[in-house]
Ligand code: PBG
């Protein structure tokens, strides 16, 4: 079979917009977006985040109208990240499962306001620990797996009781998906979904987030490499995903986003579970700062980025760019 030039001219199918549209292999829409938000205690508060220009932390009363507008435009889900007052942080992270805590209260209110909006909560202890780690540490600063799970279970249950649709363990402890599934089942939360951060890498791209949730002072120079994955590894991600599927995850996250799309593509080819990707804070801030300097055109770069996530096989993407994307899609 001779497929060479001029029989085949690849540019024929690129020669006008209509044919490019017809042969387009992936699509992207508001349906693919999850908006991660930072919430503050109190009322009538909003604070800029130095490490993430254009993004803010809001008290829940301020957040409600913002989310309301996005939800009207089709936003399906948000992921909540709390900024906990310094006095509420402790060694045992017990504030994490306080039924009247910041997250639990916010979930209740948001579910009442927007019954059809999916609410995702983060199950991890880093906002609540003095160490800034995602779990309970021993005197050497080592994160204790099973002791941490005992707290994560209670945290996940308190989120489900508040009305969270999806609990998302982002802590990377071994066995936590199973334990969370068990406690949810035992308490009859049969439809509460577990979105497991199955392959979460110990990435340097989380820096701006730690500033946003104010855990960077707590974690300081300590690293999360004893629980998050080594960024040099591929096969290990399959092992992690396999285990989490067995333990009862409904969906998984690969994190960070763009630099880790090789992992997404591999996992999609191997497993049938829905895969989400997290376009993390460092990725947001890179595009944002280049755009602020006019080195890049923000809108086109962000939209291209979203197609890349879809092309790699992601079912949905968590991105701080959600409001801007919704505005840009609306305009088109
Ligand atoms: C911790 C958590 C982190 C992020 C989400 N949940 C940071 C970390 O592991 O230190 C990072 C998200 C981002 O960078 O946007 N449970």
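Bear in mind these aren't lab numbers, they're just calculated from the coordinates by the rules spelled out. From a predicted model like this one, the values you see are computed outputs, not experimental measurements. Glycine also receives a Cβ, built like all others from the backbone with ideal geometry; neighbour counts cover every protein chain displayed.
The listed residues are 18, 28, 38, and the only one of them that is over 17 Å from residue 304 (Cα atoms) and surrounded by 11 or more Cβ atoms within 10 Å (Cβ to Cβ) turns out to be 38. When each of 94, 89 is tested for being in contact with a strand residue (DSSP E or B) (Cβ under 8 Å, 6 or more places away or on another chain), surrounded by fewer than 23 Cβ atoms within 10 Å (Cβ to Cβ) and within 28 Å of residue 143 (Cα to Cα), the lone residue that passes is 89.
On inspection, residue 252 passes the criterion of being in a strand (DSSP E or B) and either touching a helix residue (DSSP H, G or I) at 6+ places or on another chain (Cβ under 8 Å) or more than 11 Å from the ligand (Cβ to nearest atom) (or both). Residues of the stretch 209-225 that are surrounded by 17 or more Cβ atoms within 10 Å (Cβ to Cβ) and either within 11 Å of the ligand (Cβ to nearest atom) or not in a loop (DSSP other than H, G, I, E, B) (or both): 209, 210, 211, 212, 213, 215, 218, 219, 224.
Enumerate the helices (runs of 4 or more DSSP H) found wholly within the stretch 261-328, keeping only those where 2 or more residues are more than 25 Å from residue 249 (Cα to Cα). Result: 281-292, 298-312. Restricting attention to the stretch 190-208, and to residues there that are touching a strand residue (DSSP E or B) at 6+ places or on another chain (Cβ under 9 Å) and part of a loop (DSSP other than H, G, I, E, B), which single residue is farthest from residue 171 (Cα to Cα)? Here the residue is 192. Flag set for residue 49, criterion: surrounded by 15 or more Cβ atoms within 10 Å (Cβ to Cβ), touching a helix residue (DSSP H, G or I) at 6+ places or on another chain (Cβ under 7 Å) and under 24 Å from residue 123 (Cβ atoms).
Just one of (1) under 20 Å from the mean Cα position of the chain (by Cα); (2) buried (at least 18 other Cβ atoms within 10 Å of the Cβ); (3) within 16 Å of the ligand (Cβ to nearest atom) fails for residue 157. It is (3).
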